[in-house]
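Quick notes on the structure that follows.
The values are calculated or read from the model by the stated rules, or taken from the named source; none is laboratory data. Everything quoted here is computed from the prediction, not taken from an experiment. Every residue, glycine among them, receives a Cβ derived from its backbone with ideal geometry; neighbour counts consider all protein chains shown.
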Amino acid sequence: MYKLLLVLRYLRRKLAPMFAALAVTLCTAMVIIVSSVMGGFLDMFKVAARQASSDVTVESGLGGFPHYEELVKRLESLPEVAGATAVVRSFGLVRLEGNTNGVEIMGIDPGGYDKVSDYKKMLYWTSDYFVKWIEDLKNEQGGANPQEQQRLEEGARYYRENDFRQYAMQFEIPPGWRNARAENAGESPEAGANTGGVSGAADTSGGPGVVLGIAVSPYQRRDEKGQYDFENSPLRSASSREVVVTVLPVTKQGGVLEPAVRKMIAVNEFKSGLYEIDKNRVYVAFDFLQKLLKMDSHQRFNEETGNLSGEMVPGRAHRVMVRAKEGVTSEQLQQRVEAELLKLGTDYEDVGPLLAVTWQEAHQGLLGAVEKEKLMVTFLFAVVSVVAYAMIAVIFYMIVMEKTRDIGVLRALGAAREGVAGIFLGYGLAIGIVGSLLGLFLAAEVVWNINEIQALLARTVGFQMWNPEVYYFDRIPSQLNPKEVTVIVGTAILASVLGALVPAIAAARLNPVEALRYE
């Protein structure tokens, strides 16, 4: 009982323990904030990677592999599988708004692809966006032009009744989108782009539809809130919507065929959250790209006779993407998929070697780098925090020297060495608990309100530590990981006790007679 009373007395009457507790508070808060923000970015990257990928992907070489339909059918029959779809892909060129860029071109079945990823959710431009945009245009005009107001109202009604993203789900050209020849003839591009052009007919003269990554266009920019503006989008006018795609077909034996060039129309843009994907990927229809790459089913050519042999060559795909059912991990699904690949290879000798990788393995380069950065930064701040706990040891040692006579009295009254040591260990425990809990409270307030704090700093002093126009995520992560917080708080309390250990041992070893004579 006397130990608790002395600990409370020392805590109330001394200024030094307050500084020790403050040091623990600041160090605990600092490590929690750094860990939470870096962990939040890691979680954002994982969500973005997971959104653009399937749980398991079956990979092949550039030449692709046949019998992919059979593989999809077998995988979808597994109890662990929620969906599977085939994909063809090629690295090619995209000419957009006068600029030519190298990109990854993926041919997909949008419906099947949406089952294994979040494809439809990634499509950026929606009917709701256009309805709001048209309403803003109406408010700006203020009813000055009744005919124009009626045209805008027709456009808003069109988008309310039609899901704009559905055109990208089918790679169809939205009705009323006018082409560059109409614009050159003097017709306004806004007639189709702003209202959906409900009065016009569909114009597919430019070719099939293509969905671009939101960062593929060099003119696409984000505002101060991190949002994209349709005025900078290639979809804003008929001339900018025209996309020229060039691919280089590769045979199964590794040969290269003549490049294929097609003119297409951009029908939407997607945002996955991973900049490398959004800047370097476009989506087209599976059948379209498969034919362009000469990977579709066809009759074999007999070189000896110079005629078609009548024997059908099966179509090929580069990937089969698989989504796991709820409760099934990607590793468990990977094992089941690998077993099916062995069976497929036994049944069809021409399939060739295939590899099943999880989404974590596919993005290990990026996710691993962010994880290492998080560990490194957290470790560095933890090392800095050691200074605070060294200060606790120094403060406690000074208290021991100051309370030498008190220690002598306690020892003379019969207090055991363990009891004296327990006083200062309890002292350190109390400071660790108070300091770490205050640090947790401070860190939680900062993390949960970090975006509001940034906005306040931007308004008052003009300092913006996180610029959404520069960084790809438009908000700073604001979440606490309960497990990490528990470890950090527990470590802070333990470090405070360890900081008091040496002074506690020194106090316990004092000779009572010498302590009573201490000046």
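For the range 354-390, taking the residues that are crowded, with 16+ Cβ neighbours inside 10 Å, modelled with pLDDT of 75 or more and small (Gly, Ala, Ser), the one that is farthest from the chain's Cα centre (by Cα) is identified as 356.
Residue 133 falls short on exactly one of the conditions (1) surrounded by fewer than 22 Cβ atoms within 10 Å (Cβ to Cβ); (2) assigned by TED's automatic domain parsing to the domain that holds residue 294; (3) touching a residue at least 60 places away in the same chain (Cβ under 8 Å); (4) not small (Gly, Ala, Ser), and that condition is (2). All told, residue 98 meets the bar of being in the same structural domain as residue 337 (by TED's automatic domain parsing), within 29 Å of residue 257 (Cβ to Cβ), surrounded by fewer than 19 Cβ atoms within 10 Å (Cβ to Cβ) and without any contact (Cβ under 8 Å) to a residue 60 or more places away in the chain. Consider residue 89 carefully, then state whether it is buried (at least 17 other Cβ atoms within 10 Å of the Cβ), in contact (Cβ under 8 Å) with a residue 60 or more places away in the chain and over 18 Å from residue 208 (Cβ atoms). No; evaluated as a whole, the condition is false for this residue. If you check 114, 43 for being assigned to a helix (DSSP H, G or I), in the same structural domain as residue 296 (by TED's automatic domain parsing) and acidic (Asp, Glu), only one passes: 114.
Can you tell me which residue within the range 465-519, out of those that are assigned to a loop (DSSP other than H, G, I, E, B) and of a type in the set (S, T, N, Q), is modelled with the highest pLDDT?
481
For the range 101-109, check the following and say yes or no: at least one residue is of a type in the set (D, E, K, R), under 23 Å from residue 208 (Cα atoms), in a helix (DSSP H, G or I) and assigned by TED's automatic domain parsing to the domain that holds residue 280. Taking every residue of the range 101-109 in turn, none turns out to be of a type in the set (D, E, K, R), under 23 Å from residue 208 (Cα atoms), in a helix (DSSP H, G or I) and assigned by TED's automatic domain parsing to the domain that holds residue 280.
Of all residues in the range 46-74, those satisfying the criterion of being in a loop (DSSP other than H, G, I, E, B), at pLDDT 85 or above and not charged (D, E, K, R) are 54, 60, 64, 67. Got at least one residue in the range 269-282 being modelled with pLDDT under 90, of a type in the set (Val, Ile, Thr) and in a helix (DSSP H, G or I)? Within the range 269-282 (the criterion being modelled with pLDDT under 90, of a type in the set (Val, Ile, Thr) and in a helix (DSSP H, G or I)), the answer is yes, since at least one residue qualifies. Could you list, in sequence order, all residues of the range 310-353 that are in a loop (DSSP other than H, G, I, E, B), modelled with pLDDT of 90 or more and buried (at least 19 other Cβ atoms within 10 Å of the Cβ)? Correct list: 318 only.
Checking the stated criteria, residue 90 turns out to be among the polar types (S, T, N, Q), touching a strand residue (DSSP E or B) at 6+ places or on another chain (Cβ under 6 Å) and assigned by TED's automatic domain parsing to the domain that holds residue 350. Kindly indicate whether any position in the range 243-259 is part of a loop (DSSP other than H, G, I, E, B), more than 35 Å from the chain's Cα centre (by Cα), modelled with pLDDT of 80 or more and surrounded by fewer than 22 Cβ atoms within 10 Å (Cβ to Cβ). Yes - at least one qualifying residue is present in the range 243-259. Could you check, for the range 366-375, whether at least one of its residues is touching a Gly at 6+ places or on another chain (Cβ under 9 Å) and not assigned by TED's automatic domain parsing to the domain that holds residue 87? The answer is yes; a qualifying residue exists.
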